[in-house]
């Protein structure tokens, strides 16, 4: 009995599995590799996005004019969502100042055109942030059921084999049935990291989207009003604290 019990395990399960069981196991392996690769890529991208975004915001809020911001963008490019938003908004302002509403795409005032441009960029950034999350959600939702399917399939074949052998004692039943439960454990091991990573990425994207919305409001006010929202309220109280006039960026 000890010899037969010690023979059960993952290696024995893999050796005794049929085509269906091996296919389910291969599917779980592929799902695990795909989810971990995506988790690694998105984690690195999120860290770089946060670092570069904070560096750009520090530069933006310390710049003396939009020309300085545009020069920085032309020199180093837009490598984060905040820089991307600023680059498109500045381009929209300069384009409308040069050409006006000559096309349907440019219809409306400069404020309307800049608003549409900012909205479009925000939508693009949201889509970029959410890319790959569907895979993590799918893995997290389906991996336990794939593992459970493997367990049910293994238990079925184990019971059939036990019934054909005519030996229904506990030591003959517990081993094969317990071995089949390995597939459920593998499914959970694949699903749990995917679900945790999905929740973490969704929260990070939500925080970044809120910061982008707030920055977009400030940027729109700079481009259309030439000053921050509410600046006129404190203009008389602190005239010396104003930065250089935020004129339209040079073409």
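The values are calculated or read from the model by the stated rules, or taken from the named source; none is laboratory data. Because the structure is predicted, anything quoted here is derived from the model rather than measured. Heads up, the Cβs are rebuilt from the backbone with ideal geometry, glycines too, and the neighbour counts pull from every protein chain shown.
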TODO: Go through 163, 168, 175 for me and flag whichever is touching a helix residue (DSSP H, G or I) at 6+ places or on another chain (Cβ under 9 Å), surrounded by fewer than 11 Cβ atoms within 10 Å (Cβ to Cβ), farther than 30 Å from residue 38 by Cα and modelled with pLDDT under 90.
DONE: 168
Task: Odd one out for residue 138 among (1) touching a helix residue (DSSP H, G or I) at 6+ places or on another chain (Cβ under 8 Å); (2) at pLDDT 70 or above; (3) surrounded by 13 or more Cβ atoms within 10 Å (Cβ to Cβ) - done: (1)
TODO: Run down 11, 15, 74, 37 and say which single residue is more than 25 Å from the chain's Cα centre (by Cα) and at pLDDT 85 or above.
DONE: 74
Open item on the list: Looking only at the range 99-119, how many residues end up being modelled with pLDDT of 70 or more, outside any loop (DSSP other than H, G, I, E, B) and surrounded by fewer than 13 Cβ atoms within 10 Å (Cβ to Cβ)?
Closed with: 1
Open item on the list: Given the criterion modelled with pLDDT of 90 or more, buried (at least 17 other Cβ atoms within 10 Å of the Cβ) and not in a loop (DSSP other than H, G, I, E, B), identify the matching residue among 143, 210.
Closed with: 143
